[in-house]
Structure formats: structure tokens, C-alpha cells
Amino acid sequence: MASNWAITIGISQYKRLQSLQYAQQDAKLIRDFLVQDAKFDQVYYFSDDSPAVVLDAGITIPTQPTVSHLRQFLEVRFAEPFLKPEDSLWFFFSGHGLQYANWDYLMPCDGDPEIVEETALQIDYIAECLKRSGATNIVLVLDACHTEEQKFGQGFGTDPQGVTTIFSSGFGETSYEIEALQHSSFTYALLEKLRTQNRNKSATLGHLYRYLCKRVPQLNRQYGKPAQVPRISVDPAIALETIPIPQSTTPHQKIPFVELAVGILVLITGGVGYSWYQQSVPSSVSSKPAAASLNHSKVSSSPRVDRSKANTVKPSPAPKVGNPNSNRQGAKPAAAGSPNQPDASKQNAAAAIYGKAPRPGKYQAKNAYFDTSGREIGSNQGRFCIRIINTPPASSAGYQQEIVSSLSFHNDQIYLDATLNVLQVNSTNTEFEDSEGIWQWAESKIGNSKLMAECLASRGSYIRQAKSRVTNEQ
């Protein structure tokens, strides 16, 4: 039988960064759920008041989340494999984050933005340690965010390899704490889903992520916070639908009072929030942004940058502790009404229409004029590509033309990257219109296309063409 292990870290009080209000409490409640409800085999918990960890070798490690304690724990506990490939290992962090010299870091309680490399934990380093455990089902859940006022970059942008990482907010966004909920909106939604998941025993990371991408924006909207849509990095690609999420063993979960009140409020207001909730959709697996920035959690609006060319400018010193109620970040909170950065708007627009993408499968033309052409839509972990096949008339020989292109989501539209045409998709996601005609969904299978496979595996804009001679004797 597979084992389930976890590490939870919550840091509210920082020595050199703005303090947070609910980070430690969020991590503690995640720990409590994993131990008491999900019955995890082992959960390590790091906070200001957590007891020391005693490892099998008799080594005792304090759990105050300083950089030295966390590094010692990661080095000693993960010195050699101790889990089986089928086991699961979860890592939850609630606190400040920072991007410096194009590397992403989690900030311990004594992290110093002036000497990041010496006082912070690189996310890639954490992932490498966790992979030494021997488990293949490794999930990082990072409830951290960024301020819009950073001068040296736009937030987290590196996606660790060999693990799945769920970030609490997307590029160019900020993660928020909500006083009325006594949580960050992300962890509140996460706990909400986990506590009720015993209704679906086969739920996977895909179910969890789709829920978070709908619920978090709904909560932010309801409590007057700017848009915030979680993002995910999936490696290997099948993890989204194969890794199960922690299950509550409690047969019947009572709905907490706050959740009940929220539900009643939604009903009273005519379900406006729920309507928006249903239209909200997940953002795609992201690419790496550039530059260095200080933030509490994770977000970025810059494009991916080669680390070898990245500037190594140090971020400015963090300001003194201010109001902890506004947002989770390592600098002065931005006003709730602050306009989004340009790339943040693109990410929000992408998330808002993602569920309106055409249904994967083969499409046939509604207009008989295009009876020698076809369309195929492929999808893989939030990545969408289209394949256009133009064949010669049935009565003649010629070349079949194949064009494969990625689809882009921005400005409330879906674009064909090859032509920048806009795809107009109907409400059932089974019909779309481009510049050449109206295409109707025919079947779920798609052809065995090498170009389509390459497009779905890539991350950036993808455009390829190919020709093959065809002799039709129909």
C-alpha cells in the first residue's frame, strides 16, 4: 500500500520582511488536515512554535523555519531514498518568496533580500532534495505572492523539473490574505476542497487545480480583492490526472460556519458570484519570466530569460513591517484598486476564457466548400493546438498540406498563432469559426501527427507546416 508523506511550512513573522497575518495558521491547518483527516503516514511541520523533528538516525532538528534549520532538514532527511516510487510526497509553503538573478527562492523567517543566495532556499534545490526521496508523486503547493511595486522583476518564473508545482497566483498577480476568512484566499479554497473531497474518491490533482482556478477568483471578487488565478507546472505531464489528492477519512463533513455564510450570501445576491465562478478557468502551464524581484509568493509577468544573461542586481531592502492585512508579499502592499500590469491582464484574460476553448477532437466543415479540409484540436495539460489538413479534391492527385499551430489566449479571445485569426467558439465548445469557415465537432479521436505531438509538448508559440503527396482514387 502506498504511503503519504508531507512537509508543511508556515511563516508569518519575518525579521527583515513584512510580516503576514495568516501564513502560519494556514500551514498549521493544512498539517492538521493531513494528520487528522487524511491520515498521512508522516507530516513534518515547521513554524515558530512547532516541536523539534527527531529523525531515524537520532538527529534532532529544531523546526523554527530559519534557513539553517530548513537546509539541515532537507540535507539529512533526503540524503538517500526512503520512499517507494508509488508513494506520495507533498510540500506546502506559506510565506514570502523572491526571484533573484532569475532564480526563484522561498524566504525563511531570517531571509535577507540583500543576501538572497545565502539566506533563502532555491525552489529548484528544494525540488531536487524531494526527488531524492524515491517517490515519483511529488507535489509542491506554494502559497506565496508578489507586489506590483517591485523594481527588479515580476516574480516566480522557474518551474522545477520532475515535480508538480501549484502556485497560488499567476504571472503579474498578487496573492491575498482575507481578514473575514482568517486565511489567504488560496489556502481557504484549498482546505475547502480537501475537506469535502471524500465525496469523490477518485479525485486527482486535475480536479483540485480546476477547483482552485474557479474558487480563488470567486473569493477575491467577493471580498473586493483584485484578480488572482492559481497556475500550475506539471512534470511529468500525466501527473495532473494520476496523482490522487489527500482524502478525508471522515464520512460526513460539516460545512464550516463561514463557508455556509458565504453560500447563503451567494444565493441572496442572485448567484452573481457563482455565475462568474463557472466562467473562470485555469491558466496554462507557464513559461519562465525574467529579472529579479521581491515578493511574498509567486507571480511573474516577464517572458522567460536565459539565466546566463540575467542581471544580478540585488533587490532593494524590504520596508519595515506594515499592515499585514492587505496582501502577501515582501514589500509595501499595493492598493487593492491598483491596475494590473500588462502581462497580468493577459494572464487574467487567458484564465477567464480557458474553459471556452474548442473541445479536443476532429472537426468537419459546415460549409460544403471546405469538404476537402479538416481541423483537429489537441489538448495536453492546458496546452491547446490546432491541426489544419487541406487535401486535394477526390478526383485529382496533389499534395496534402498540414499546418499545426498553437492557440493563444489573451484579450478575451482565442487566437490561432499561425495566422492571428480569432476562433469564435460556441457555448457548447463543439463548434468554432475561423476565417475559412464554420467547423463542427465530429469525434473525439485525432490523427497520429508528429507535429501535433510536438506542439502539445512545447511551451511557446508553435507553427509548423508539412506537405505530402496524395493520390486520391475515391
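The values are calculated or read from the model by the stated rules, or taken from the named source; none is laboratory data. On a predicted model such as this, the values are computed, not experimentally measured, just so you know. Here the Cβ is made from the backbone with ideal geometry for all residues, glycine too, and neighbour counts use every protein chain on show. Surface accessibility is based on the protein's heavy atoms, side chains included, excluding ligands, DNA and RNA. Shrake-Rupley method; radii C 1.70, N 1.55, O 1.52, S 1.80 Å.
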Residue 118 paired with residue 3, simple spin-label distance in nm, labels 7 Å along Cα-to-beta-carbon: 3.8 nm
Potential lengthening between residue 39 and residue 468 on full extension [0.36 nm per residue; Cα-Cα distance subtracted]: 148.7 nm
Difference of contour (0.36 nm per residue) and Cα-Cα distance, residue 238 to residue 125: 38.4 nm
Cut-off 14 Å between beta-carbons: net charge of the residues surrounding residue 30, Lys and Arg +1, Asp and Glu -1: -1
Size of the stretch 1-65 as Cα extents on the principal axes (Å, biggest first): 43, 28, 15
Net lengthening on full extension, residue 56/residue 390 (0.36 nm per residue, minus Cα-Cα): 113.8 nm
Sequence-distant residues sharing a close amide H with residue 183 (under 5 Å, placed H): 178
For the stretch 21-39 versus the stretch 86-113, the gap between their alpha-carbon centres in whole angstrom: 18 Å
Distance from the stretch 184-214 to the stretch 399-474 (C-alpha centre basis), Å: 32 Å
Whole-Hz couplings from phi, Karplus 6.51/-1.76/1.60, listed for the stretch 77-90; x for Gly and Pro: 5, 10, 5, 8, x, 9, 10, 8, x, 7, 6, 10, 9, 10
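Kindly report the accessible area of the stretch 1-114 per residue (heavy atoms of protein chains, probe 1.4 Å, no ligands, DNA or RNA), in Å². Write out the running numbers ahead of the final one.
Working: 4300 Å² over 114 residues.
Ligands and nucleic acids excluded, the result is 38 Å² per residue.
Roughly speaking, to the nearest percent, how much of the stretch 1-72's 1.4 Å accessible area is carbon and sulfur?
Looking at the stretch 1-72 in its full context, I get 47 percent from C and S.
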Trypsin sites (Lys or Arg not before Pro) restricted to the stretch 24-118 and DSSP loop, no more than 14 other C-beta within 10 Å: 39
Distance (nanometres) between label positions extended 7 Å along Cα→Cβ at residue 76 and residue 444: 5.1 nm
